[in-house]
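To start, the structure under review is shown below, and the notes come after it.
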Amino acid sequence: MPIKINLSERTLHFKQPAGTSRGVYTDRRIWLVTMTDGEHTGTGECAPLPKLSCDDIPNYAEVLARFCHEVEQTGTIPYDRLRDYPSMLFGLETAWQSLHAHPSTLLFDTPFSRGEQGIPINGLVWMGTYEEMEQRVEEKLRQGFLCVKLKIGAIDFDAELSLVRKIRERFGPRDVELRVDANGAFPFDEALYKLELLSQYALHSIEQPIKPGQWANMAELCRESPLPIALDEELIGVNDPGQKRQMLNIIKPRYIILKPSLHGGMMGCREWIETARDMQIGSWITSALESNVGLNAIAQFCSSVYGPDIRMPQGLGTGQLFTDNIPMPLEIRDAKLWISKHS
C-alpha cells in the first residue's frame with residue numbers, strides 16, 4: 001500500500017523560560033509527521049528554531065506539506081533537495097526510520113536503543129541572573145552530573161566568570177567537567193581576552209564565542225585561544241559536503257557540535273562527523289529543544305554513529321523541559337540518558 005502522511009502542529013510550553021543570548025523561549029512550535037503504509041506507522045518531528053534555523057521560513061507548513069506529498073507520490077525521501085531544510089529532513093528521516101522499525105520506537109538496533117546501556121549527558125544550566133545560575137549549578141551537581149554546561153553571554157561577564165571560579169573552587173577538573181556556550185555573544189575584539197580569562201579554570205571547551213559567518217576571525221581565535229573552541233551556530237546553513245570540508249579546513253576548530261534539526265538531519269550530521277574525523281576534529285551531538293519524539297531519535301542516532309562505548313557526555317538532557325511533552329520511554333539516571341527496554 002502506498003505511504004500516507006499526516007501533519008499535525010503542536011505548541012509545547014517550557015516549565016521555566018529558557019534563556020539564550022538570542023532571547024527567551026517560553027513555548028515551542030513543532031510539526032509531527034506521521035507515516036503509514038496501512039500496516040505500520042512511524043512518527044517524526046520537524047522543529048525549526050525561530051531566528052536560528054536556516055529553514056525558519058514564513059511558509060514552513062506549506063513547504064513541509066509539499067515535501068510530504070512528494071514522499072507519498074514517489075515512496076522516497078528527496079534528500080538532496082531537502083539539504084536546505086534540515087528540520088524537515090530530520091522529521092521525515094525519523095518517520096521513515098520509525099515506519100520500518102519494529103517496534104516503531106527501535107530506530108537503530110544498538111545497546112542504547114535496546115535499553116541495555118545509557119548515554120552520558122551533560123547537565124545544562126540556562127542563562128539567568130547570577131543567583132539563578134548558581135542555584136541551577138548546585139542542582140545539577142546534587143543530581144550527580146560530572147559534566148555541566150553553562151550558557152553564558154546574557155549577564156555581566158565578570159559575574160559569569162565569578163560563577164565559574166566559584167565552581168572550580170569547590171570542584172576540580174577531575175571532579176566536574178565544565179563547558180560554556182557563548183552563543184556568539186562575544187565581540188571579536190574582546191573574545192581572545194575573555195577566552196584567556198576563562199581558560200584559568202580548566203574548562204573543557206567553549207561553544208561559538210563569536211557570531212557565525214566570520215570564518216577568518218574564528219580561525220584566528222582557534223589558532224590563538226588557550227581554550228578549545230567548538231563550533232555550533234557556525235555550521236547552520238552549511239549544507240553542501242564540499243563547503244563543510246572547506247569551512248573546517250579554514251577554521252580548524254577543536255570540536256563541532258551537531259544538532260540534526262539544524263545541521264542537515266541525520267544524513268547531514270553523518271557527513272559532518274565523517275569529515276571532522278578525517279581532520280582529527282572531535283564532535284558530539286545535542287538536541288535542539290525538540291519534544292521527546294525528536295530527542296528519542298537524536299539519542300538513538302547518537303548511539304548508532306558513535307558506537308556502544310560513548311564516553312564523551314552528549315547534550316541530550318532536554319526531555320524534562322516542557323509541561324506538555326510527548327510521552328516516550330526516556331529517563332535520566334546517574335547522569336545518563338536511558339531508554340526503557342522494548343518488550
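Just add up the charged neighbours of Ala95: K/R +1, D/E -1, any other residue whose Cβ is under 13 Å from the Cβ of Ala95. Intermediate results must be reported in sequence, preceding the final value.
Working: positive: Lys4; negative: Asp37, Glu45, Glu72, Glu93.
Once positives and negatives cancel, what remains is -3.
Which three extents, in angstrom, do the Cα atoms of the range 151-211 have along their principal axes, listed largest first?
Over the range 151-211, Cα extents along the principal axes are 31, 19, 18 Å.
How charged is the neighbourhood of Gln135? Take every other residue with its Cβ under 14 Å from the Cβ of Gln135, and add Lys/Arg as +1 and Asp/Glu as -1. Mind showing how you got there, number by number?
Numbers: positive: Arg136, Lys140, Arg142, Lys166; negative: Glu131, Glu132, Glu134, Glu138, Glu139.
For residues surrounding Gln135, the net value is -1.
Based solely on C-alpha atoms, express the radius of gyration and the Dmax of the chain in angstrom.
For the chain, the Cα-based Rg and Dmax read 19.7, 63 Å.
Say each of Gln200 and Tyr130 gets a label point 7 Å from the Cα, pointing the same way as Cα to Cβ; how far apart are those two points in nm?
So the label points at Gln200 and Tyr130 sit 1.5 nm apart.
Over all directions, the average projected area of the alpha-carbon convex hull for the range 71-114 comes to how many nm²?
Details: hull surface 14.6 nm².
Averaged projected area of the range 71-114's Cα convex hull equals 3.6 nm².
How many angstrom separate the Cα center of the range 215-249 from the Cα center of the range 28-85?
28 Å
Hey, if you put +1 on the Cβ of every Lys and Arg and -1 on every Asp and Glu Cβ in the range 8-105, which of Tyr60, Gln73, His40 ends up farthest toward the positive end of that dipole?
My answer, from the dipole projection, is Tyr60.
Which whole-number percent of Cα pairs in the range 186-245 have a distance greater than 12 Å? Provide the component values of the computation, followed by the final result.
Details: 1182 of 1770 pairs.
Result: 67 percent of Cα pairs exceed 12 Å.
Report, for the chain, the % of DSSP beta bridges that are antiparallel, rounded to 5. Mind dumping the intermediate values first?
On the way: 27 of 48 bridges.
Antiparallel bridges: around 55 percent, rounded to the nearest 5.
Report the local net charge at Ser162: Lys and Arg +1, Asp and Glu -1, summed over other residues whose C-beta lies under 10 Å from its C-beta.
Numbers: positive: Arg165, Lys166; negative: Glu134, Asp156, Asp158, Glu160.
Local net charge: -2.
Each residue of the range 227-234 in order: what ³J(HN,Hα) in whole Hz does its phi give by Karplus 6.51 cos²θ - 1.76 cosθ + 1.60, θ = phi - 60°, with x for Gly and Pro?
10, x, 10, 10, 8, 9, 4, 4
Taking amide H atoms as placed 1.01 Å from N in the peptide plane, list the residues 5 or more away in sequence, or in a different chain, whose amide H sits under 5 Å from that of Ala185.
Amide H neighbours of Ala185, under 5 Å, 5+ apart: none.
Under a straight-distance cross-link criterion of Cα-Cα below 16 Å, which aspartates and glutamates are reachable from Lys166, leaving out those fewer than 8 residues away in the same chain?
By straight Cα distance, Lys166 reaches Glu131, Glu132, Glu134, Glu138, Glu139, Asp156, Asp158, Asp175, Glu177.
Tell me the relative contact order for the range 187-233 as a rounded percent, counting alpha carbon contacts under 8 Å between residues six or more apart.
Numbers: 44 pairs, mean separation 23.9, N = 47.
Relative CO of the range 187-233 lands at 51 percent.
Report the relative contact order of the chain, percent, no decimals, based on alpha-carbon pairs under 8 angstrom and at least 6 residues apart. All intermediate terms of the calculation are to be shown ahead of the outcome.
Numbers: 676 pairs, mean separation 71.9, N = 343.
Across the chain, relative contact order equals 21 percent.
Taking every Cα atom in the range 228-285, find the radius of gyration and the maximum pairwise distance Dmax, and write them in Å.
Both quantities, over Cα of the range 228-285: 9.7, 27 Å.
Of the cross-linked pairs Lys15/Lys140; Lys4/Lys336; Lys51/Lys140, which ones have a Cα-Cα span greater than 26 Å in the structure shown?
Numbers: Lys15/Lys140 17 Å; Lys4/Lys336 36 Å; Lys51/Lys140 29 Å.
In this structure, Lys4/Lys336; Lys51/Lys140 exceed 26 Å between Cα atoms.
Using only alpha-carbon positions, what ratio does the radius of gyration of the range 205-320 give when scaled by 2.2 N^0.38 Å?
Numbers: Rg = 13.7 Å, N = 116, 2.2 N^0.38 = 13.4 Å.
Cα Rg divided by the expected 2.2 N^0.38 Å: 1.03.
Gly123's amide H: which non-local residues (gap 5+, or another chain) put their own amide H closer than 5 Å, with H modeled 1.01 Å from N in plane and none for Pro or chain starts?
Those qualifying (amide H under 5 Å, at least 5 residues apart or on another chain) are Cys147, Val148, Lys149.
Under a plain spin-label model, where a point goes 7 Å from the Cα along Cα-to-Cβ, how far apart in nm are Arg165 and His40?
Roughly 5.8 nm, to one decimal.
When the Kirkwood hydrodynamic radius is evaluated over all pairs of different C-alpha atoms of the range 42-94, what value in angstrom, to one decimal, is obtained? Present the calculation step by step, with values, prior to reporting the outcome.
Numbers: mean 1/r = 0.0892 Å⁻¹.
Hydrodynamic radius (Kirkwood, Cα only) of the range 42-94 equals 11.2 Å.
Measuring from label point to label point, each 7 Å out along Cα→Cβ, what is the Tyr79 to Glu116 span in nm?
A separation of 2.7 nm, rounded to one decimal place.
Specify, per residue and in Å³, the volume enclosed by the convex hull of the alpha carbon atoms belonging to the range 3-93.
94 Å³
For the range 278-323, what are the per-bin percents of Cα-Cα distances with bins 10 Å wide, up to the bin holding the maximum?
26, 50, 21, 3, 0
When N is the residue count of the range 76-144, what does its C-alpha Rg come to as a fraction of 2.2 N^0.38 Å? Kindly include the intermediate steps, with their values, before the conclusion.
Values: Rg = 18.7 Å, N = 69, 2.2 N^0.38 = 11.0 Å.
Against the compact-globule rule of thumb, the ratio is 1.70.
None of the figures in this text is laboratory data; all of them are computed from the coordinates on show. Because the structure is predicted, anything quoted here is derived from the model rather than measured. Methodologically, a virtual Cβ is constructed for each residue, glycine included, from the backbone with ideal geometry; neighbour enumeration extends over all protein chains shown.
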